[in-house]
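The values are calculated or read from the model by the stated rules, or taken from the named source; none is laboratory data. Keep in mind the model is a prediction, meaning the values are calculated, not measured. No Cβ is skipped: glycine too gets one built from the backbone with ideal geometry, and neighbour counts run over all protein chains shown.
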Amino acid sequence: MANPSADRFEQDTVEILTRLSRRPIEPTPDKELMADLGFDSLQVLELVGELEDHFNVSVPLNALTHIRTVGQIVDEVRTLASAAPGSPA
Amino acid sequence: MNTPRTVSEALRDAADTPRGIRFIEHDGRTQLVPYRELLACACAIGGALRALGYEDGDRVAIVIPEISGFVTGFFGIVAAGLVPVPLCPPAQAGDVATFARHSAHIIGASHAVAVLTTDDVRPLLEPAVRQPDHADAPSVARVSPNFHTLESLQGGPTLAAPRPRSLDDIALLQFTSGSTALPKGVVLTFGNLASNVESIIGPAGLGVGPGDVSVSWLPLYHDMGLIGMLLSSVYSAIDAVQMSSVLFLKRPSAWLDALSRYGGSISFAPNFAYELCRRRVKSSQLEQLDLSRWRVAGCGAEPIRPDTLQQFADYFAPAGFRKESLLPSYGLAEHSLAVTFAHGGVSVDTVDAERLVRESVAVPVVNGSSSVRIVRCGTPFPGHSVRVVDEDFVELPERHVGAIVARGPSVMQGYFEQPEITEATLRDGWLVTGDLGYMANGSLYVCGRTKDVIIRQGRKYHPADLEAALSDVQGVAVSGVVVFALTHVDDADEVVAVVETRAGARTTDLEEAVRRRIRETAGLDVDRVVLASPGTIPRTTSGKVRRSETRNRFEAGTLVR
């Protein structure tokens, strides 16, 4: 699964996604969380909660409406973490 | 019981106390708003809405994801003498297109003169409202509503007091049932709301006193959150904690943290929430929780699993949770909200499974027979009655399963501008709930439903919507789809999609496409996809699919031969 071109945001997100999924999945950036990976709306919010805790960010409500793919959620947390003061990124 | 009051009268009374609402938003930000301040904000918004020319009884749709904004907007609409129509915000409505289509239908069907929303939501919704894309919905957009945000309503002339309304005036249009194509708006008067809320908080209900603290993460566009938690708190003028449902779903522990931190004594949630807490709150978190003041842990809005509640009680006992606090309940939007409460903890009736299914009788199990466990949902409130009747509307003896009907001052006026469905639902003053159950020792037990609605995690899905979503999936035969739920008395609904395939369709691809489409449009997982040849689904002479017959044949194993 280790992808040399992926940064820690992508690696950690993929790891968390794989842990939360009820079935074996291959969460590449283009995969849609609900349609491709079989997440229901509850699991998507569980994922967001885990990512927020892990990266110490808060995903805005309107972003939740637009996030469909793995890549989009990775981009979202990367942007939020980079903007946060004292960010280790 | 107190003299019945309108919502604004109750808010004015609450404003005379030092108490109020603490809001906890999706990101954990908290804000304490005394009822006094909420009343002032409501009068300001109400004044601005009146200045725009809206008149008593006009409908105003409200879709605001932030809970403090929703609550302020809601009471502002009410203070203006207008009728709020709460809508589900997009974050929890599956995808944006479904949200827009569904909301546009409701806005059209309610002839809303205005939509109170946010700058974030407006661009998602406005195009669908302006250009309804569904020719099959004649009710859509007869009036073109104006869009407002709370910010845009600041600084207008404020009302000295909320507009006086009478108990017979319409208080609320609650669109919780009905498919997207045919939305059904439950019409409730202030009298209905007052009857139900006073029943909930009164001595035969929860016996709410000034020392109680309510804590809720329930969505406010839904009856249990809006009426059961928010309005009940305002009518009893107690301290309330209103938490974002997004926060709860992200971190279920946030609900229990709030109960612990703010001394919550009353909180309601559907079965799945208790399950979620047990699964996702770590045992290491237990020692930081004090749930000893939680005296009413209500459970309703979806089938109640006794095992879930028992496991929750066991798991959280070290945090001071008492299993006697659990309060199974039964209710529906058409009855304002609550119909029965079962006091004294979870009481289970263990009945013979075979005789329940075959003979529609609930007889206590004898050794060896397979059994199902059904939770006692309790007794109706003073001034209200509940009966179980047969097809001819004749009351059935105890332990015979039939249709649950209810009567009393909490029963809705009808479905907004839907006289035919209203007539079928309100018979001789009795509300036909669509649920099946039986009475035993004067208590109600709920064990199924006659309507086609599918319930998952407290949310209702309509087979017609899901079937419509599947109609243009590649490989699906023309009107060759039926979706239904297999209901279980002690477990979640199982969703089945029967799909007639076109010649040459690749079955593995089609099954995945069906699941994918339902997930995309409804955020729902289909449990079983049945692919069948054209002609499998039973139809009426006019060619309409017969859903219940399809389900019956599926259950009997005779659908696909």
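Being among the basic types (Lys, Arg), assigned to a loop (DSSP other than H, G, I, E, B) and surrounded by fewer than 20 Cβ atoms within 10 Å (Cβ to Cβ), is that true of even one residue in the stretch B:457-467? Taking every residue of the stretch B:457-467 in turn, none turns out to be among the basic types (Lys, Arg), assigned to a loop (DSSP other than H, G, I, E, B) and surrounded by fewer than 20 Cβ atoms within 10 Å (Cβ to Cβ). Do you know which of the residues in the stretch B:174-195 that are aliphatic (A, V, I, L, M) and in a loop (DSSP other than H, G, I, E, B) is surrounded by the fewest Cβ atoms within 10 Å (Cβ to Cβ)? So the residue we want is B:Ala181.
Residue-wise test of (1) under 22 Å from A:Gln43 (Cα atoms); (2) touching a helix residue (DSSP H, G or I) at 6+ places or on another chain (Cβ under 8 Å).
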position	(1), (2)
B:Asp472	no, no
B:Phe484	no, yes
B:Thr487	no, no
B:Asp493	yes, no
B:Arg528	yes, no
B:Thr541	no, no
B:Arg547	no, yes
B:Arg553	no, no
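When A:Leu51, A:Leu47, A:Leu37, A:Leu64 are screened for being hydrophobic (A, V, I, L, M, F, W, C), without any contact (Cβ under 8 Å) to a residue 60 or more places away in the chain and in contact with a Phe, Trp or Tyr (Cβ under 8 Å, 6 or more places away or on another chain), only A:Leu47 passes.
The condition of being farther than 25 Å from B:Pro382 by Cβ, away from chain A (no Cβ under 14 Å) and out of contact with any Phe, Trp or Tyr (no Cβ under 9 Å at 6 or more places or on another chain) holds for only one of B:Ala15, B:Ala44, that being B:Ala44. All of B:Val530, B:Val453, B:Val495, B:Val478 fail the test of being under 27 Å from the mean Cα position of the chain (by Cα) and more than 14 Å from every other protein chain (Cβ to nearest Cβ), apart from B:Val453. What tally of residues in the stretch B:251-310 results from selecting those that are over 25 Å from the mean Cα position of the chain (by Cα) and either among the aromatic types (Phe, Trp, Tyr) or buried (at least 24 other Cβ atoms within 10 Å of the Cβ) (or both)? Counting residues in the stretch B:251-310 that are over 25 Å from the mean Cα position of the chain (by Cα) and either among the aromatic types (Phe, Trp, Tyr) or buried (at least 24 other Cβ atoms within 10 Å of the Cβ) (or both) gives 1. Note on the stretch B:381-417: residues that are polar (S, T, N, Q) and under 20 Å from the mean Cα position of the chain (by Cα) amount to 2.
Put simply, of B:Lys282, B:Lys323 the only residue that is basic (Lys, Arg) and at pLDDT below 95 is B:Lys282. Of all residues in the stretch A:14-71, exactly one satisfies the criterion of being closer than 30 Å to B:Thr117 by Cα, more than 12 Å from the chain's Cα centre (by Cα) and away from chain B (no Cβ under 11 Å), namely A:Asn56. Applying the set (1) within 24 Å of B:Gly207 (Cα to Cα); (2) without any contact (Cβ under 8 Å) to a residue 60 or more places away in the chain; (3) small (Gly, Ala, Ser) to B:Ala338 leaves exactly one unmet item: (2). Please verify whether B:Asp168 is at pLDDT below 95 and of a type in the set (Asp, Glu), treating the condition exactly as stated. So B:Asp168 fails the test. Within the stretch B:468-480, is even one residue of a type outside the set (S, T, N, Q), in a helix (DSSP H, G or I) and modelled with pLDDT under 85? Among the residues of the stretch B:468-480, at least one is of a type outside the set (S, T, N, Q), in a helix (DSSP H, G or I) and modelled with pLDDT under 85, which makes the answer yes. Of the residues making up the stretch B:410-440, just one is modelled with pLDDT of 95 or more, farther than 23 Å from B:His462 by Cα and not in a strand (DSSP E or B), namely B:Ser410. Do the conditions hold for B:Val389, that is, is it in contact with a Ser or Thr (Cβ under 6 Å, 6 or more places away or on another chain) and under 28 Å from B:Arg358 (Cα atoms)? Spelling it out, it is not the case that B:Val389 is in contact with a Ser or Thr (Cβ under 6 Å, 6 or more places away or on another chain) and under 28 Å from B:Arg358 (Cα atoms). Just one of the listed residues (B:Val386, B:Val346) is among the aliphatic types (A, V, I, L, M), at pLDDT 90 or above and outside any strand (DSSP E or B), and it is B:Val346. The lone criterion from (1) touching a helix residue (DSSP H, G or I) at 6+ places or on another chain (Cβ under 9 Å); (2) under 20 Å from B:Pro18 (Cβ atoms); (3) hydroxyl-bearing (Ser, Thr, Tyr) left unmet by B:Tyr221 is number (2). At least 3 residues being under 25 Å from B:Asn146 (Cβ atoms) and in contact with a helix residue (DSSP H, G or I) (Cβ under 9 Å, 6 or more places away or on another chain) is the threshold, and among the strands (runs of 3 or more DSSP E) wholly inside the stretch B:12-68 those reaching it are B:59-62. Would you check which residues across the stretch A:1-22 are part of a loop (DSSP other than H, G, I, E, B) and either modelled with pLDDT of 80 or more or in contact with a strand residue (DSSP E or B) (Cβ under 6 Å, 6 or more places away or on another chain) (or both) and list them? Selection gives A:Asp7, A:Ser21.
For B:Thr487, are the conditions met, namely being under 30 Å from B:Arg373 (Cβ atoms), of a type outside the set (D, E, K, R) and in contact with a Gly (Cβ under 7 Å, 6 or more places away or on another chain)? So B:Thr487 passes the test.
Residues in the stretch A:43-89 that are surrounded by fewer than 17 Cβ atoms within 10 Å (Cβ to Cβ) and hydrophobic (A, V, I, L, M, F, W, C) were compared, and the one that is modelled with the lowest pLDDT is A:Ala89. In the stretch B:94-113, the residue that is farthest from the other protein chains (Cβ to nearest Cβ) out of those that are crowded, with 24+ Cβ neighbours inside 10 Å and among the aliphatic types (A, V, I, L, M) is B:Ala109.
Evaluating B:Glu302 against the criteria (1) within 14 Å of another protein chain (Cβ to nearest Cβ); (2) in a loop (DSSP other than H, G, I, E, B); (3) at pLDDT 95 or above leaves one unmet condition, (3). Would you check which residues across the stretch B:420-439 are crowded, with 19+ Cβ neighbours inside 10 Å and farther than 12 Å from B:Val389 by Cα and list them? Correct list: B:Thr425, B:Leu426.
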